[in-house]
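One structure below.
The values are calculated or read from the model by the stated rules, or taken from the named source; none is laboratory data. Since we're looking at a predicted model, the values are computed, not measured. Glycine also receives a Cβ, built like all others from the backbone with ideal geometry; neighbour counts cover every protein chain displayed. Calculation scope for accessible area: heavy atoms of the full protein, side chains included, ligands and nucleic acids excluded. Shrake-Rupley method; radii C 1.70, N 1.55, O 1.52, S 1.80 Å.
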Amino acid sequence: MNPSAAGTWDEFMEGVWRQNPVFVMVLGMCPTLAVTVSVVNALSMGVSTMLVLIASCGLVSMMRNITPKEVRIAVYIVIIATFVTVVDYAIQAISLKLYDALGAFIQLIVVNCIILGRAEAHAAKNPPLPAMINAAGMGIGFTIGLLALGTVREVLGAGTLFGVTLFGAGFQPWVIMVLPPGGFFVLGAWLLFFSWLERRKLRRRQAKLVEATQNA
Amino acid sequence: MHESAFQIFINALLANNFVLAMFLGLCPFLGVSGRLDTAFPMGVATTFVMLVASLCAYGLNLLLGYFHLEFLRLISYIVIIASAVQLVEMVLKKYSPKLFRALGIYLPLITTNCAVLGVALFQTAREYDFVQSVTFSVGGGAGFTLALVLMASVRERLTLSNVPDLAQGTALSLMLAGILSLSFMGFAGLGG
């Protein structure tokens, strides 16, 4: 891989894994917890957020040289709000059922910290293409996070996946999982799981190091 | 269905608590709930912004409806909220610089607090009249403050107890929030 391609890949993967907005940075919690009662909701929320993220980061980056520094946040917010309005109307036109299920949370994408954070921290300092690639990575990372929550909550709380029943008639759904407390519990559990993984990796590396020094 | 102002207030405060039942305003909820003496002022500041935003949104909505410019609703709401936050920031900076510093980055971030925009959007979607809008925003703000204060009190006690290393930080806060949310479910149906 040539250096520039490696840089692009790195930029992309930053959002997907290393700086995952849901599990690592813990940003954009409100939509994350509110809409992840089913996989379909989670997926559509993730995709809408990603579209807004890419479009607004692209525009912010194109306008980065003509935006006065003092009013930049206001400019970003107006740009984001414009794209959210577009997405809002688009979803309303595509599927009214989905629109009702997501409710006010589509419009609340405006105040998703991830988007404003990306605009300020990355898009304002980089040319359009890298900014949009980085935004796409973040968007995919966010969608993965939402799916991870949505899957667990739908399977445990309703016994279905994508609306298809998974278990026999004897299955008693764990209703609390699709209710508000379940959102907090499932996200907390995922964070515990990731910090356990991290810790295990660290311990193994240390063990290897000790082994190497003993052999030497 | 016509809801009385009292029902709306109780609903926003307890049964449909903004933070614990509707997942609005989680960033400051997890961010500034570490200490009780910053949590309470933060709640009050947010409540004030909510009230101002709700009043402005009500007037603005009439204006937009009159000119048939509903598609500008979201953009104009967010601009109003940003201005209200700026106002609170200036007042705090002048009268309580200490508190201003303690709240730090979370003060300008009220702009991106979903709870504030949520109030404006929900009152529009539910077609509340003037009195209903005001009670809704005050109830929501009080609910937010209540959740923040409860969480801060629990977390202050928790710093003294022995918690497994693995669970330190956000994971622990989320578990706590889950338990709080579970207990708030007991209020379901209270608002009628």
**Q.** Selection status of B:Ser33, surrounded by 22 or more Cβ atoms within 10 Å (Cβ to Cβ) and either farther than 18 Å from B:Gly143 by Cβ or not aliphatic (A, V, I, L, M) (or both)
**A.** yes
Q | Complete set of residues in region A:190-203 that are closer than 22 Å to A:Met177 by Cβ and facing chain B (nearest Cβ under 7 Å) | A | A:Leu191, A:Leu192, A:Ser195, A:Trp196
Q) Can you list the helices (runs of 4 or more DSSP H) found entirely within region A:19-134 that contain at least 2 residues being farther than 30 Å from A:Trp174 by Cα and in contact (Cβ under 8 Å) with a residue 40 or more places away in the chain? A) A:39-62, A:72-94, A:113-121
Q: Could you figure out which of (1) surrounded by 15 or more Cβ atoms within 10 Å (Cβ to Cβ); (2) more than 14 Å from chain B (Cβ to nearest Cβ) isn't true of A:Leu187?
A: (2)
Q) Yes or no: B:Ala82 open to solvent by less than 30 Å² (accessible area, probe 1.4 Å) and either part of a helix (DSSP H, G or I) or within 13 Å of chain A (Cβ to nearest Cβ) (or both)? A) no
Q) In region A:81-102, which residues are exposed (fewer than 15 other Cβ atoms within 10 Å of the Cβ) and over 16 Å from A:Leu43 (Cβ atoms)? A) A:Val86, A:Tyr89, A:Gln92, A:Ala93, A:Leu96, A:Asp100
Q) Would you say A:Val86 is more than 14 Å from every other protein chain (Cβ to nearest Cβ), touching a helix residue (DSSP H, G or I) at 6+ places or on another chain (Cβ under 9 Å) and at pLDDT 90 or above? A) no
Q. Would you call A:Arg199 open to solvent by 80 Å² or more (accessible area, probe 1.4 Å) and in a helix (DSSP H, G or I)?
A. yes
Q: Identify the residue in region A:157-184 that is within 14 Å of chain B (Cβ to nearest Cβ) and open to solvent by 50 Å² or more (accessible area, probe 1.4 Å) and, among all such residues, is nearest to B:Phe184 (Cα to Cα).
A: A:Leu179
Q. Name the helices (runs of 4 or more DSSP H) wholly within region B:113-192 that hold at least 1 residues that are surrounded by fewer than 16 Cβ atoms within 10 Å (Cβ to Cβ) and among the β-branched types (Val, Ile, Thr)?
A. B:130-158, B:170-184
Q: Report yes if some residue within region A:55-76 is crowded, with 21+ Cβ neighbours inside 10 Å, on the phi > 0 side of the Ramachandran plot and under 16 Å from the mean Cα position of the chain (by Cα); otherwise report no.
A: no
Q) Looking at region A:104-118, is at least one residue under 30 Å from B:Gly169 (Cβ atoms) and more than 12 Å from every other protein chain (Cβ to nearest Cβ)? A) yes
Q: Return the residue satisfying two criteria in turn: it lies in region B:63-79 and is away from chain A (no Cβ under 14 Å) and either under 21 Å from A:Val78 (Cα atoms) or touching a Pro at 6+ places or on another chain (Cβ under 7 Å) (or both), and of such residues it is least open to solvent (accessible area, probe 1.4 Å).
A: B:Gly65
Q: Name, by its number, the condition in (1) within 14 Å of chain A (Cβ to nearest Cβ); (2) touching a Gly at 6+ places or on another chain (Cβ under 9 Å) that does not hold for B:Phe136.
A: (2)
Q: Run B:Ala167 past the list (1) hydrophobic (A, V, I, L, M, F, W, C); (2) at pLDDT below 80; (3) within 27 Å of B:Arg73 (Cα to Cα) and report the number of the one that doesn't hold.
A: (3)
Q: Residue by residue through region A:70-100, note down the ones that are closer than 16 Å to B:Leu121 by Cβ and not polar (S, T, N, Q).
A: A:Ile77, A:Ile80, A:Ala81, A:Val84, A:Val87, A:Asp88, A:Tyr89, A:Ile91, A:Tyr99, A:Asp100
**Q.** Hits in region B:18-41 - residues which are at the interface with chain A (Cβ under 9 Å from one of its Cβ atoms) and in a loop (DSSP other than H, G, I, E, B)
**A.** B:Leu20, B:Ala21, B:Met22, B:Phe23, B:Leu24, B:Gly25
Q: Give the residues of region B:85-103 that are within 17 Å of B:Ala115 (Cβ to Cβ) and either within 14 Å of chain A (Cβ to nearest Cβ) or of a type in the set (Ser, Thr, Tyr) (or both), sorted by residue number.
A: B:Val85
